[in-house]
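Peer 1: This is the structure I want to talk about, given as structure tokens.
Just so it is clear, none of the values below were taken in a lab; they were calculated from the coordinates. None of these values were measured; they are calculated from a predicted model. All Cβ positions, even for glycine, are placed from backbone atoms using ideal geometry, and neighbour counts span all protein chains on display.
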Amino acid sequence: MSRSAYYERPEPESDSDWHSQSLADVYENLESSEAGLPADEARERLEREGPNEIEAEEGISPLQIFVDQFKPALIWVLIVAAAVMAVVGHTIDAAVIAGVVVFITVFGFLQDYRAEQSIQALKEMSTTYALVRRGGEKTEVDARNVVPGDVIFVESGDIVPADARIIEESNLSVDEAALTGESVGVSKEAGVVDEDTSLAERDNLLFKDTVVERGSGMAVVVETGPESEIGQIATALEEAEERDTPFQAEMDRLGKLIALGVVGIVSIIAITELVIGDTPPLQVFLTAVGIAVSAVPEGLPAVVTLSLALGARRMAEKNALVRRLPIVEALGSVDVVCTDKTGTLTEEEMTVQRIVANRETYEVTGTGYDTDGEFLQDDDPVETDRVAEVLRCGMLCNNVDVGTRERDEDDVEASDDAENGDGERTYLGDPTEIALFVAAQKAGFDHRTLDEEYPRLGEVDFTSARKRMTTVHETPDGETVAYMKGAPETVLERCDRELVDGEIVNLTDERREELEAENEAFAEDALRVMGFAYRPDVPDSQATEPDEDLEQEMVFLGLQGMLDPPRPEVPDALAGCLDAGIDVVMITGDNAVTARAVGEEVGLRSTTVITGPELEEMSDEELRAVVDDVDIFARTSPDHKTRILQTLQRKGHTVAMTGDGVNDAPAVKNADVGVAMGIRGTDVTEQASDIVLLDDNFATIRDAVRGGRRIFDNVRKFVNYLLSGNGGEVTMIFTGTLAGLGLVITPIQVLWINVVTDGIPALTMGVDPAADDVMERDPRPPDEGVITDRIVTSIVGIAIFMTICLLPLFTLNFYGELVPGYDVLGAIVGWSPGYDVGRELAQTMVFTGFVVFEIVRIQAIRYRYGLGLFSNNWLVLAVAVAVTLQLLVLYTSTGQLLFDVEPLALVHWAQIGIAAVVFALLMAAFVKVQDRYFERY
């Protein structure tokens, strides 16, 4: 019987104890050894356990995307309207409505499909391989084929293929930000830790999908795929349900209200006509259909979809990829942004900012990995020889690798030369060591030259327990020297002398106290501090195989304090959010001191800090009481992030949550607007998000919020525009019907107005510029929809004004055609010598009058947002196109035949012009009244 027949994988637990078991117990439980698994055993385990991969949320199929286009109620209102038209023989009307439905669904499908394809493109990565020992020999396998019990090997730059218990390591440091949120690399070492040790402090474990920053190690795999720590978080995402945005819900509600309204109005008119009138039933039905068509804003779904799509495209141009179109609008109501610190508010590039050397303090300019910078004392430049020794130590006692990234794959060959101009310099290693490396380059040190002049002979590795590292070098004079760097307190305790202006002097107790005070002052400014020392007289016995005995009688060189600096654009972006009534909350895995200092530098409203341990001791009620007053949460875990989000949401806030690691995915998915990082983000988090920031920059969030508010303003404008116009059509037809005038405008004419002369200008309103005060208003309340009380009164008021101004045009021309010299007074007294004589001209007047009124109406709406007539060239063009199309209908034989119109004479245009002026004056007076009772927008 094969060995695998006896193997039974230990039952997975939510908090497994692999870290607290002895290595022998780990081997026994996994039925493995340091020699790894036999190849056939590994294959059998792979078949039984399944591949070592996390099944991320599958992309939406094209068929499902297409089916989703038919969910809005308004689409079904249009489909029913087209069917009714076809049944009664109005094939042209039916064809036009059907064309509108096809356009809406096809365009929506294409937009959603492109967005889904963009997300899938982000996920495309080359296959990851793992180096494992099987049957006692090292072999490279697809990382998906790694199984529990495999012995793996990792080194600098590798992605850890699975959760694994460390067997042995050398100077091993791992970036676990994707899992724990901790921005500083974690030193790893073999051994056993307590069972209740937190995930972030289990330094004897490697975790799947984390990245090795430096060193190397060997480990035995304990968990793979969905049973890994990252896999368990990804699985938990399935519990979070997809929710419609408030905008989606409102548009669906609006569609249902329109459908109910259409049925109600049609029923009332039909009953009225049949009961009190003598109109034939077919005519009643056609009138009802005409009103139904006029009530349905056929262009609304298309305009909304196009507006959101255009907004999404503009956001993509500014590095914000929108995964779901409706979320674009939801950004406009966000009133809290919960953001990461590292890489979002900061550069994610540690930078040396302050140096203590020769008993003086110096400032260092420049940010990130830019090697341009100066060394200043009291704002005056100083010679670099004042800091040369401490910088030389920082570069030599350092394991950073330097290379280049190709600038143009077609034209530039890969090069190892970082300074030859053929590529962009790149650094591989611990961020702290990179900062020391770059600081030395600012002083003119070249790492290749320095390595040649001071070849390394040996090294005493850095560990989390030792908190220091020492390297041994041969000097140009042939002597042997040791350089040390580490935590200031550990370096100082190994020093008995200090280098001051080229002289070695005793390190007194008073001087130690001064250095300790300097260290504390650096820390209070959120600087991560490293101490530096050297030993000039290295014994020959320690030259090539050094150990800890070498690290004594050292000469202290100085301190270097470094900080991950804020992105330069962040303070202005954050101030813009605060001005817009949006609170910004920083949630980070870093310590409270660093978090507070960054918060102060970027301009957070409050620098009150609550740490993860403090949060755990607070009840839900206590957190709810203080959450609005706290802008910094430090040393947090994934559970803390979700708890903070839920507390804010329960208090009525609309929350945007950023995240990059898998640990952030649950909070990102449950946020009102989930924002993933595109550069350092994981696939799982991107799948859980609504928006992906392609540059990981907080300023992009600010721009996205601004874009969301602009889009919402534009949506509200054209919803107001379309519904008030449709309301006017309904009221006009309803009034004409009750007055015994029959159809004052035909269904096909109404459809033309709704789809073409309304739809084209409304569409271009989607690219209207933002109002000047768009980022000065408070966020829109979550329960405030697109349609406000002011818009409702506008719809009613405009409908009445249109009827008041257009009904006389109909009667004047209807009866005027019949009897020369007949005036409006004759119509008022009720004399009507005929029914259909003159109707075609009268309907043409109303038809054209609506087109002109809508053009007047569109600018009246935009004026309230501070937008002039020519602030949107596309709108000017759209109005010109609409007018041109209307003229083609009036003055071409095809147009006259299709729409049953007569060409208008100059006297008719004069009548329409007078009516339009009266309409504009009525609207202006009405807006003044509205301003007294409603908000501006």
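Peer 1: In nm, to one decimal, how far is the THR490 label point from the GLU520 one, both placed 7 Å along Cα→Cβ?
Peer 2: 2.2 nm
Peer 1: Here is a further query. Can you run the Rg to Rh ratio on the stretch 473-629? Use alpha carbon positions and the Kirkwood inverse-distance Rh. Let's see the in-between values first.
Peer 2: Details: Rg = 22.4 Å, Rh = 19.3 Å.
Answer for the stretch 473-629: 1.16.
Peer 1: Return the sequence-ordered ³J(HN,Hα) values of the stretch 19-30 in whole Hz as given by the Karplus equation 6.51 cos²θ - 1.76 cosθ + 1.60 applied to θ = phi - 60°, using x for Gly and Pro.
Peer 2: Running phi through 6.51 cos²θ - 1.76 cosθ + 1.60 with θ = phi - 60° gives 6, 9, 7, 5, 4, 5, 5, 4, 4, 5, 5, 8 Hz.
Peer 1: Could you list, in their original order, any pairs among LYS341/LYS717; LYS208/LYS641; LYS208/LYS341 whose Cα atoms are separated by more than 26 Å? Mind showing how you got there, number by number?
Peer 2: Values: LYS341/LYS717 37 Å; LYS208/LYS641 21 Å; LYS208/LYS341 23 Å.
Where the Cα-Cα span goes over 26 Å, the pairs concerned are LYS341/LYS717.
Peer 1: What Kirkwood hydrodynamic radius do you get for the stretch 500-548 when you take the inverse of the mean 1/r over all pairs of distinct Cα atoms, in Å?
Peer 2: Working: mean 1/r = 0.0727 Å⁻¹.
Mean inverse Cα-Cα distance, inverted, gives 13.8 Å.
Peer 1: Compute the FRET efficiency between GLU600 and TRP909 as 1/(1 + (r/R0)^6), taking r as their Cβ-Cβ distance and R0 = 56 Å, and round to the nearest 0.05. Don't skip to the end; give the middle numbers.
Peer 2: Values: r = 66 Å, r/R0 = 1.18.
In this case the efficiency is close to 0.25.
Peer 1: Put a dot 7 Å past each Cα toward the Cβ at VAL593 and ASP17; how far apart are the dots in nm?
Peer 2: My value for the distance between the label points is 3.6 nm.
Peer 1: Taking amide H positions as placed in the peptide plane 1.01 Å from N, state which residues far from THR426 in sequence (5 or more) or on other chains have amide H under 5 Å from it.
Peer 2: Here GLY403, THR404, ARG405 satisfy the definition.
Peer 1: Once amide H atoms are built 1.01 Å from N in the peptide plane, which residues 5 or more positions from ARG134, or in another chain, come under 5 Å H to H?
Peer 2: Under 5 Å from the amide H of ARG134 lie the amide H atoms of THR139, each far enough along the sequence or on another chain.
Peer 1: Normalise the Cα radius of gyration of the stretch 654-806 by 2.2 N^0.38 Å (N = residues in it) and let me know the number.
Peer 2: In units of the globular-protein estimate, the stretch 654-806 measures up at 1.46.
Peer 1: What FRET efficiency would be calculated for the residue pair GLU34, LYS138, taking the C-beta separation as r and a Förster radius of 22 Å, to the nearest 0.05? Please list the in-between numbers first.
Peer 2: Details: r = 13 Å, r/R0 = 0.57.
Computed FRET efficiency for GLU34 and LYS138 comes out at 0.95.
Peer 1: On to the next question. May I ask you to evaluate 6.51 cos²θ - 1.76 cosθ + 1.60, the Karplus curve with θ = phi - 60°, for each residue of the stretch 315-322 and list the ³J(HN,Hα) values in order in whole Hz, giving x for glycine and proline?
Peer 2: In residue order, the calculated couplings are 5, 4, 5, 9, 6, 10, 8, 8 Hz.
Peer 1: On alpha-carbon atoms, Rg over Rh for the stretch 464-503 using Kirkwood Rh? Spell out each step's value before the answer.
Peer 2: Details: Rg = 12.2 Å, Rh = 11.8 Å.
Result for the stretch 464-503 is an Rg/Rh of 1.04.
Peer 1: Next question, about the same structure. Gain in length, GLU776 to VAL505, computed as 0.36 nm per residue apart minus the alpha-carbon separation, to one decimal in nm? Mind showing how you got there, number by number?
Peer 2: Working: separation 271, 0.36 × 271 = 97.56 nm, distance 6.06 nm.
Extra length from GLU776 to VAL505 when fully extended: 91.5 nm.
Peer 1: Continuing with this model, one more query. Is the C-alpha gyration tensor of the stretch 312-352 telling us rounded, prolate or oblate? Criteria: a/c under 1.5 is rounded; beyond that, a/b larger than b/c is prolate, otherwise oblate. Could you put the intermediate results ahead of the total?
Peer 2: Details: a/c = 3.82, a/b = 1.83, b/c = 2.09.
Note, shape of the stretch 312-352 comes out oblate.
Peer 1: Figure the gain on full extension for VAL626 and PHE66 (residue separation times 0.36 nm, minus the Cα-Cα span) and round it to one decimal in nm. Don't jump to the answer; show the numbers that get you there.
Peer 2: Working: separation 560, 0.36 × 560 = 201.60 nm, distance 4.55 nm.
Length gained between VAL626 and PHE66: 197.0 nm.
Peer 1: For the stretch 874-885, in order, what is each residue's ³J(HN,Hα) by Karplus, 6.51 cos²θ - 1.76 cosθ + 1.60 with θ = phi - 60°, in whole Hz (x at glycine and Pro)?
Peer 2: With coefficients 6.51, -1.76 and 1.60, one gets 5, 5, 4, 5, 4, 4, 4, 5, 4, 5, 4, 4 Hz.
Peer 1: Label the stretch 738-808 by shape, choosing from rounded, prolate and oblate, from the square roots a ≥ b ≥ c of the eigenvalues of the Cα gyration tensor; if a/c is under 1.5 it is rounded, and otherwise prolate applies when a/b is larger than b/c, oblate when it is not. Provide the component values of the computation, followed by the final result.
Peer 2: Numbers: a/c = 2.97, a/b = 1.83, b/c = 1.63.
Judged from the Cα gyration tensor, the stretch 738-808 comes out prolate (a/c at least 1.5, a/b above b/c).
Peer 1: Taking amide H atoms as placed 1.01 Å from N in the peptide plane, list the residues 5 or more away in sequence, or in a different chain, whose amide H sits under 5 Å from that of GLU347.
Peer 2: Amide H neighbours of GLU347: ARG567.
Peer 1: So, one more: Given the convex hull of the Cα atoms of the stretch 351-563, what is a quarter of its surface area in nm²?
Peer 2: 12.6 nm²
Peer 1: Let me ask another. Among TYR721, TYR129, TYR815, rank each residue by its count of other Cβ atoms within 10 Å, from fewest to most, as a rough exposure measure. Let's see the in-between values first.
Peer 2: Working: TYR721 26, TYR129 16, TYR815 21.
Listing TYR721, TYR129, TYR815 from fewest to most nearby Cβ atoms yields TYR129, TYR815, TYR721.
Peer 1: For a quick check: sort GLU155, GLU137, GLU223 by the number of other beta carbons within 10 angstrom, fewest at the front. Walk me through the intermediate numbers first.
Peer 2: Values: GLU155 13, GLU137 10, GLU223 25.
Fewest to most other Cβ atoms nearby, the residues stand as GLU137, GLU155, GLU223.
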